[in-house]
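**Student:** What follows is a single structure, and I will ask about it in a moment.
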């Protein structure tokens, strides 16, 4: 939907055939970084984008024929008048009215700068990246995501899990709970809190047939503290993600 965030298009480093189009709300930044970074950014101009839509309609219209005096069925009545003319760009449906036409224009080979004024790539919104670290023998980890089953993915991976040992103590907004380290859900007793390595290679707090998020009172962006079952295994100088 339209709003205060800037509509942008981004050219990616090393990929002249690939650009990102969308709102400058931080969601484009991780994809841009994963693709090598941003070499060029523009602020999408509604007038410029609409002009590309009009050009596309003109190119696709059949040749005019049978135009009578005074403007018959074959004559054009100006922008927006005919059935094939592009609709006016709205202010509340940017996905359809701004981002999709801009993406189509780039796919047709139009240069990025034709869609609006240049932006400094460093001015783009960056979302804070979830992280983890060891503090006084305790793993402090951000909650990266919570799925619809209540599984809690942490910003920590295999190395941190191995340092936790066979069990740990989880401290969260919902309280303090013991958790078993397990290879899979079914290795845990029903509704038991566990710590597993998920399919993304991330540590996750889970419960067999129940919601870990509900028990722990967690949502994305929260912070969890995990105390290893065997503190002797911890090298407090180790860095997290």
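Values in this text are rule-based calculations from the coordinates and carry no lab data. If you're wondering where the values come from, they're calculated on a predicted model, not measured in any experiment. Every residue, glycine as well, gets a Cβ built from its backbone with ideal geometry; the counts of neighbours run over all protein chains shown.
**Student:** For residues that are assigned to a loop (DSSP other than H, G, I, E, B), surrounded by fewer than 17 Cβ atoms within 10 Å (Cβ to Cβ) and touching a helix residue (DSSP H, G or I) at 6+ places or on another chain (Cβ under 7 Å), tally how many sit in the stretch 32-51.
**Tutor:** We begin by selecting, within the stretch 32-51, every residue assigned to a loop (DSSP other than H, G, I, E, B); these are 35-37, 44-45.
Now drop any that are not surrounded by fewer than 17 Cβ atoms within 10 Å (Cβ to Cβ), which leaves 35-37, 45.
Those left that are additionally touching a helix residue (DSSP H, G or I) at 6+ places or on another chain (Cβ under 7 Å): 45.
Qualifying residue count, the stretch 32-51: 1.
**Student:** Can you name the residue in the stretch 12-31 that is in contact with a strand residue (DSSP E or B) (Cβ under 8 Å, 6 or more places away or on another chain) and either without any contact (Cβ under 8 Å) to a residue 40 or more places away in the chain or surrounded by fewer than 15 Cβ atoms within 10 Å (Cβ to Cβ) (or both) and, of all such residues, is nearest to residue 109 (Cα to Cα)? Steps first, please.
**Tutor:** In the first step, residues of the stretch 12-31 are kept if they are in contact with a strand residue (DSSP E or B) (Cβ under 8 Å, 6 or more places away or on another chain); the result is 12-13, 18-24, 28, 31.
Now narrow it down to the ones that are either without any contact (Cβ under 8 Å) to a residue 40 or more places away in the chain or surrounded by fewer than 15 Cβ atoms within 10 Å (Cβ to Cβ) (or both): 12-13, 18, 20, 31.
Values: 12: 15, 13: 17, 18: 11, 20: 14, 31: 21 Å.
The selected residue is 18.
**Student:** Moving on to the next point. Do you know which residues across the stretch 172-190 are outside any strand (DSSP E or B) and either under 15 Å from residue 217 (Cα atoms) or without any contact (Cβ under 8 Å) to a residue 12 or more places away in the chain (or both)? Talk me through it step by step, then tell me what you get.
**Tutor:** Just the residues of the stretch 172-190 that are outside any strand (DSSP E or B), to begin with: 173-174, 182-189.
Those that are outside any strand (DSSP E or B) and either under 15 Å from residue 217 (Cα atoms) or without any contact (Cβ under 8 Å) to a residue 12 or more places away in the chain (or both): 173, 174, 187.
**Student:** Right, another one. May I ask you to list the residues in the stretch 113-122 that are touching a residue at least 24 places away in the same chain (Cβ under 8 Å) and either surrounded by fewer than 13 Cβ atoms within 10 Å (Cβ to Cβ) or out of contact with any helix residue (DSSP H, G or I) (no Cβ under 8 Å at 6 or more places or on another chain) (or both)? Outline the logic, then answer.
**Tutor:** Kept after step one, since they are touching a residue at least 24 places away in the same chain (Cβ under 8 Å), are these residues of the stretch 113-122: 113-121.
Within the stretch 113-122, 113, 117, 118, 119, 120, 121 qualify.
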